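Student: Sharing a structure here in C-alpha cells format.
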Amino acid sequence: MAGHKLVARGIALLLCLVCSPLLAAESLGNLAQYPPRPIDLQITTGSDGAPNIEPSEIVLDSGRYYRLTINCPDVQGDLSGWRIEMPELLNNAHLRLVTVGDIEVHLQGLSFNAIECDEIGSAHVSFVPIKPGVYPLYVGNVPLAVGRPIGESGVQTQGQFTFGSINVR
C-alpha cells in the first residue's frame with residue numbers, strides 16, 4: 001500500500017513539473033483586441049511592367065491584432081492585375097476578417113489562398129500573427145494573364161513578379 005502511495009506521489013510530482021510551464025504560459029495577445037493596428041501596403045506597376053511593393057518589408061509583433069490594407073491604385077484590367085499571396089503567414093496567423101469594398105467575410109481562423117487586384121481598389125485583411133518568423137509576400141501576374149488556369153497558386157514564372165517579406169517577431 002505504501003508503495004502505491006509513493007508511486008502516485010511520484011507521478012503527481014512528475015505531472016506538476018511537466019505541466020507547470022504550460023500552465024504559467026501567457027497568451028501573446030487578445031485575439032479580439034480592438035482596434036487593429038493599421039498597415040498599408042501599396043502594389044503599383046513599374047515602368048517596366050513589374051509589380052512594386054511598398055513597403056517591401058513589414059515588421060509585426062506576434063499576438064497583436066493588425067488590419068492590412070492592400071491598395072492597388074493603377075490596375076488597368078483583369079489581365080494586368082496583380083495576385084498577392086502570403087500562404088506561410090496565413091497558415092501561422094489567426095484570421096478574423098477580409099473586406100473588399102463593402103463586403104465583409106468573417107473568417108474566424110479559416111484561411112484563403114490569394115487576393116487578386118483586377119481593378120483599382122483596396123482589400124483589407126484583419127489578423128493576429130501567431131508564430132514568429134520571416135514570411136514571403138509574393139506579388140505577380142494573375143495566372144490567366146500568363147496562360148495559366150484561373151486561381152492557380154504559386155509563383156507565375158512566365159510573367160512579372162516580385163517578393164516582399166513579413167517579419168513576425
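Student: For Gly147, which of the numbered conditions (1) among the small types (Gly, Ala, Ser); (2) touching a helix residue (DSSP H, G or I) at 6+ places or on another chain (Cβ under 8 Å); (3) free of Cβ contacts under 8 Å to residues at least 40 places away in the same chain fails to hold?
Tutor: Result: Gly147 passes all but (2).
Student: Name the pairs whose Cβ atoms lie under 9 Å apart, with the first residue in segment 53-79 and free of Cβ contacts under 8 Å to residues at least 40 places away in the same chain, the second outside any loop (DSSP other than H, G, I, E, B), and 6 or more positions between them or separate chains?
Tutor: Here the result reads Glu54/Asp40; Glu54/Leu41; Glu54/Gln42; Glu54/Ile43; Glu54/Thr44; Glu54/Gly164; Gln76/Thr45, each pair linking segment 53-79 to a residue that is outside any loop (DSSP other than H, G, I, E, B).
Student: Separate question: Which of (1) more than 19 Å from Thr45 (Cα to Cα); (2) touching a Pro at 6+ places or on another chain (Cβ under 9 Å) does Phe161 not meet, given it meets every other one?
Tutor: Condition (1) is where Phe161 drops out.
Student: May I pose another question? Would you check which residues across segment 70-87 are crowded, with 16+ Cβ neighbours inside 10 Å and either more than 15 Å from Gly159 (Cβ to Cβ) or of a type in the set (Val, Ile, Thr) (or both) and list them?
Tutor: Selection gives Ile70, Asn71, Cys72, Val75, Ile84, Met86, Pro87.
Student: Another question about this same structure. Yes or no: Leu110 surrounded by fewer than 12 Cβ atoms within 10 Å (Cβ to Cβ) and among the hydrophobic types (A, V, I, L, M, F, W, C)?
Tutor: Details: surrounded by fewer than 12 Cβ atoms within 10 Å (Cβ to Cβ): yes; among the hydrophobic types (A, V, I, L, M, F, W, C): yes.
The answer is yes for Leu110.
Student: Another question, then. Which of the residues spanning segment 77-98 are in contact with a Ser or Thr (Cβ under 8 Å, 6 or more places away or on another chain) and not hydrophobic (A, V, I, L, M, F, W, C)?
Tutor: Selection gives Ser80, Glu85, Pro87, Asn91, Arg96.
Student: Taking segment 87-117 as the search range and keeping residues that are in contact with a Gly (Cβ under 9 Å, 6 or more places away or on another chain), charged (D, E, K, R) and part of a strand (DSSP E or B), which one is nearest to Thr45 (Cα to Cα)?
Tutor: Only one residue fits best here, namely Glu116.
Student: Listed residues Gly49, Gly63; which is assigned to a loop (DSSP other than H, G, I, E, B) and in contact with a strand residue (DSSP E or B) (Cβ under 8 Å, 6 or more places away or on another chain)? Break it down stepwise before answering.
Tutor: On the way: Gly49 fails: in contact with a strand residue (DSSP E or B) (Cβ under 8 Å, 6 or more places away or on another chain).
That would be Gly63, the only listed residue that is assigned to a loop (DSSP other than H, G, I, E, B) and in contact with a strand residue (DSSP E or B) (Cβ under 8 Å, 6 or more places away or on another chain).
Student: Out of (1) in contact (Cβ under 8 Å) with a residue 60 or more places away in the chain; (2) in a strand (DSSP E or B); (3) over 15 Å from the mean Cα position of the chain (by Cα), the odd one out for Gly164 is which?
Tutor: Unmet condition: (3).
Student: Filter segment 107-134 for residues that are touching a Leu at 6+ places or on another chain (Cβ under 8 Å), closer than 30 Å to Asp78 by Cβ and at pLDDT 90 or above and give the result.
Tutor: His124, Val125, Ser126, Phe127
Student: I've got another one for you. When segment 45-68 is examined, which residues are found to be surrounded by 15 or more Cβ atoms within 10 Å (Cβ to Cβ), hydroxyl-bearing (Ser, Thr, Tyr) and closer than 30 Å to Pro132 by Cα?
Tutor: Matches in segment 45-68: Ser62, Tyr65, Tyr66.
Student: Evaluate the following for Leu31: is it aliphatic (A, V, I, L, M), modelled with pLDDT of 90 or more and at negative phi? Even if it seems obvious, please write down each step before you answer.
Tutor: Working: aliphatic (A, V, I, L, M): yes; modelled with pLDDT of 90 or more: no; at negative phi: yes.
No; evaluated as a whole, the condition is false for this residue.
The values are calculated or read from the model by the stated rules, or taken from the named source; none is laboratory data. Given the structure is predicted, the values throughout are model-derived calculations rather than measurements. Heads up, the Cβs are rebuilt from the backbone with ideal geometry, glycines too, and the neighbour counts pull from every protein chain shown.
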